[in-house]
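The values are calculated or read from the model by the stated rules, or taken from the named source; none is laboratory data. Since we're looking at a predicted model, the values are computed, not measured. All Cβ positions, glycine included, derive from the backbone under ideal geometry; neighbour counts span all protein chains shown.
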Ligand code: SF4
């Protein structure tokens, strides 16, 4: 039995990927480089690709940035989304430059003729539009105290934009309804999902720092994913966007919504631990981040790094491979079998090599 019953949303193509209709939930992020520096944008998108980012968004606040899109597109491999506010000409230029998706709220771009002009261009280039309502920019939400009323207002605003596009016979729509508090966000997505089956991009906006933002996002997105909502997600963090992507994948893996890639099981350590496990796990994470093949692997690899023999062998046995610590060394297990003792200084190298070998066998 599947634990998560995904909502049946409409399939939408975004460049080389398809979301909705039961397709895997994709991890997004957004670049934060200087808008004038398209080479910096490419560099950051490459960094995001290296950690597995599947869709990337950039702000397009002026015409020069829009005109840089084709240069950026030529050098990257994942779909690019243009985030535009108010100016429909920027949307049209972005589409002409080869953007894969727009994030723009049609109710904010002026009269119907302007909306029709964007829709015409989007249709002829098969470019979907994400309507993204945000509690922070909705005046009506600001004055409300009750979470449900705020959520209803967010959903109402999203529907208003949706109806504008639908009235132009445009249904290549993705929707997000973000607030910075978890309850309002969850309620808003739930209310909207009862009205339309457009794919949903999930996020808790302005979630905070790498630590508190990850926890807040995991709480909010986890609940929504449990309800079957969500086709793409972003863990918004006041941090390097690379961290957003890593957090997004960890979340999906924890909920078994992505059964590929590497999962590291490691204990919290206690006074029984006689190896520097905290340092070892951090080093393993740094080393495996460099193994690009993990991101293309269809296999789930589970590696255990445990501090001692109390829970260590049990967890290590349950994983594909693992090491259970002793005094300055550990016992290496592969598929439940004890293989040999490994000195503490060799743990990182041993785990890294086993990951590389496991991926190589897949081919
Ligand atoms: S595995 Fe051992 S070292 Fe790690 S927390 Fe459990 S008892 Fe402590």
| said: Restricting to the range 123-144, name every residue that is closer than 18 Å to residue 158 by Cβ and part of a helix (DSSP H, G or I). | reply: 135, 136, 137, 139, 140, 141, 142
| Do you know which residues across the range 80-97 are within 30 Å of residue 135 (Cα to Cα) and assigned to a loop (DSSP other than H, G, I, E, B)? | 84, 85, 86, 87
| message | So for the range 29-50 (the condition being touching a residue at least 24 places away in the same chain (Cβ under 8 Å), closer than 20 Å to residue 102 by Cβ, under 19 Å from the mean Cα position of the chain (by Cα) and part of a strand (DSSP E or B)), does at least one residue qualify? | response | yes
| For the subset of the range 60-79 comprising residues that are in contact with a helix residue (DSSP H, G or I) (Cβ under 6 Å, 6 or more places away or on another chain) and outside any loop (DSSP other than H, G, I, E, B), which member is surrounded by the fewest Cβ atoms within 10 Å (Cβ to Cβ)? | 71
| task | Please give the number of the condition residue 226 fails out of (1) without any contact (Cβ under 8 Å) to a residue 60 or more places away in the chain; (2) in the same structural domain as residue 31 (by TED's automatic domain parsing). | result | (1)
| task | Please tell me if residue 136 is surrounded by fewer than 18 Cβ atoms within 10 Å (Cβ to Cβ), at negative phi and within 22 Å of the chain's Cα centre (by Cα). | result | yes
| said: Show me the strands (runs of 3 or more DSSP E) entirely contained within the range 271-363 in which 2 or more residues are on the phi < 0 side of the Ramachandran plot, outside the structural domain of residue 46 (by TED's automatic domain parsing) and more than 16 Å from the ligand (Cβ to nearest atom). | reply: 300-306, 337-343
| query | Restricting the search to the range 242-270, which residues are crowded, with 16+ Cβ neighbours inside 10 Å, assigned to a loop (DSSP other than H, G, I, E, B) and within 16 Å of the ligand (Cβ to nearest atom)? | reply | 267, 269
